[in-house]
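What follows is a set of notes on a single structure, which appears directly below.
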Amino acid sequence: GELAIYDTTTNHLRMRLPGGFDRSNRTIHFVMRALPKGQKQKDRQQQKDPLANYRLFTTGIDGLVNEFDLQRGMKKIAVASGGGAVWSSALSADRQSIVAACHKGRVRFF
């Protein structure tokens, strides 16, 4: 379904991301973006919108791995798992990949 993102410092709703009646998110991953070449950590802290520093991914029983555009508040891309429903997922140790446990008994990397 729909995802709601709140600012925990103010307890205000920041945005709602579209879902669907038949969607069930099993896992949500916030991943910090890599710093562009030449950018320093202090530059990141001075950005107006702290969400610009993150990428948001979801996986679920619909069998999709989704990335959302947090600047526009909409889905950016959806990729089929190739293994049916995604029951669980995790970030790889280097935080560069999503590892998905799929219904067909396979583990897939994205």
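The values are calculated or read from the model by the stated rules, or taken from the named source; none is laboratory data. Small disclaimer: the values here were computed from a predicted structure and weren't measured. Backbone-built Cβ (ideal geometry, glycine too); neighbour counts: all protein chains shown.
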Checklist line | R106 farther than 15 Å from N25 by Cα and without any contact (Cβ under 8 Å) to a residue 60 or more places away in the chain | finding: yes
The number of residues in the stretch 57-95 that are outside any loop (DSSP other than H, G, I, E, B) and touching a residue at least 40 places away in the same chain (Cβ under 8 Å) is 13
Restricted to the stretch 93-110 and to residues being at pLDDT 90 or above and within 14 Å of the chain's Cα centre (by Cα), the residue surrounded by the fewest Cβ atoms within 10 Å (Cβ to Cβ) is S97
